[in-house]
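Comments concern the structure below.
Derivation of every value follows stated rules applied to the coordinates shown; laboratory data play no part. None of the values given here were measured: they were computed from a predicted structure. As a convention, Cβ positions derive from the backbone with ideal geometry for all residues, glycine included, and neighbour counts pool all protein chains shown.
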Ligand code: DGL
């Protein structure tokens with residue numbers, strides 16, 4: 001890749017604001033890169049959609065990012081990964097880095113031998129997760145819990161609301177009762193519920209979020225095609241949404257931690 005392309009942006013997408021939890025890790029790992037984030041907010045939640053629908057949305061998101069001239073694409077969505085990454089990699093001309101539930105490290109780190117995994121219905125019913133459980137679950141009791149409704153609560157900014165606490169408690173209690181000491185956050189929206197989840201599960205349960213591992217994999221895949229030069233040059237971010245930009249703007253600004261402008265992605 002030429003040095004010109006090394007200055008091309010990196011594209012990151014999710015169905016909504018969840019992928020910002022991955023974008024934070026990417027920004028930490030790559031302070032000089034330009035980042036483009038797209039929230040497919042007109043089509044959220046992916047987790048309750050058919051595989052055909054998700055596949056078509058992933059194609060649309062990738063095409064949008066490629067039209068912006070990105071040099072790599074990060075699927076910051078477990079649901080989109082398990083359904084569509086294979087297809088995407090057959091035609092996408094730039095490296096694709098993706099995220100899936102961190103069952104391997106959780107199975108290696110548990111002391112009680114019971115691991116909880118929370119994610120969308122679509123993710124947890126996927127062959128990818130079945131394969132991860134079969135590979136790493138020989139001596140570990142892996143308990144999968146789909147969490148319909150949680151993504152919407154994060155999208156509404158209800159990060160500490162009573163209704164969110166009640167729903168989360170109903171999902172987490174059976175795992176805690178079974179002795180889970182390790183909990184995989186298998187949806188990129190859930191790290192924004194870390195504080196509330198921590199209050200519910202207590203300090204004895206370790207939360208596993210693979211965002212930093214995804215950022216490291218991106219660094220590895222970029223290799224020399226990274227912005228070279230002055231370490232103090234901070235890269236910028238551009239934000240897009242397929243739904244109402246005003247709505248996305250409020251939530252993205254809150255979760256990103258500073259006011260941002262969101263542009264309609266068409
Ligand atoms: N953030 C997405 C994930 O990691 C799911 C959100 C959705 O259901 O749209 O799975």
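Tabulated data
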| read-out | value |
| --- | --- |
| Helix-only mean residue ellipticity at 222 nm for the chain, each DSSP H run of n ≥ 4 adding -39500 (n - 2.57), per residue, nearest 500 | -13000 deg cm²/dmol |
| Order by protection proxy (mean Cβ within 10 Å, highest first), peptides 38-48, 88-98 | 38-48, 88-98 |
| Cβ crowding within 10 Å averaged over residues, with 220-228, 29-37, 166-174 ranked highest first | 29-37, 166-174, 220-228 |
| Isotropic mean projected area of the C-alpha convex hull, segment 83-207 (nm²) | 8.3 |
| Contact order relative to length of the chain, as percent, for alpha carbon pairs under 8 angstrom and 6 or more apart | 28 |
| Helix 245-256 axis, angle to the chain major axis (alpha carbon atoms, nearest 10°) | 70 |
| For segment 158-266, alpha-carbon Rg relative to the globular expectation (2.2 N^0.38 Å, N residues) | 1.39 |
| Relative contact order of segment 181-266, pairs being alpha-carbon contacts under 8 Å that are 6 or more residues apart, as % | 24 |
| Relative contact order %, segment 4-125, counting alpha carbon pairs below 8 Å whose residues are six or more apart | 29 |
| Angle in degrees between helix 20-29 and the longest Cα principal axis of the chain, rounded to the nearest 10 | 60 |
| Range of Cα positions in segment 1-157 per principal axis (Å), largest first | 50, 33, 31 |
| Rounded Å value of the spacing that divides the Cα centres of segment 155-213 and segment 66-80 | 26 |
| Whole-percent pair-distance distribution, where bins are 10 Å wide, for the alpha carbons of segment 25-99 | 18, 54, 26, 2 |
| Mean Cβ neighbour count within 10 Å, used as a protection proxy, ranking 119-129, 203-213 highest first | 119-129, 203-213 |
| Histogram of C-alpha separations across the chain, 10 Å bin width, % | 7, 31, 36, 20, 5, 0 |
| Cα long-axis angle, helix 78-91 against the chain (0 to 90 degrees, to the nearest 10) | 40 |
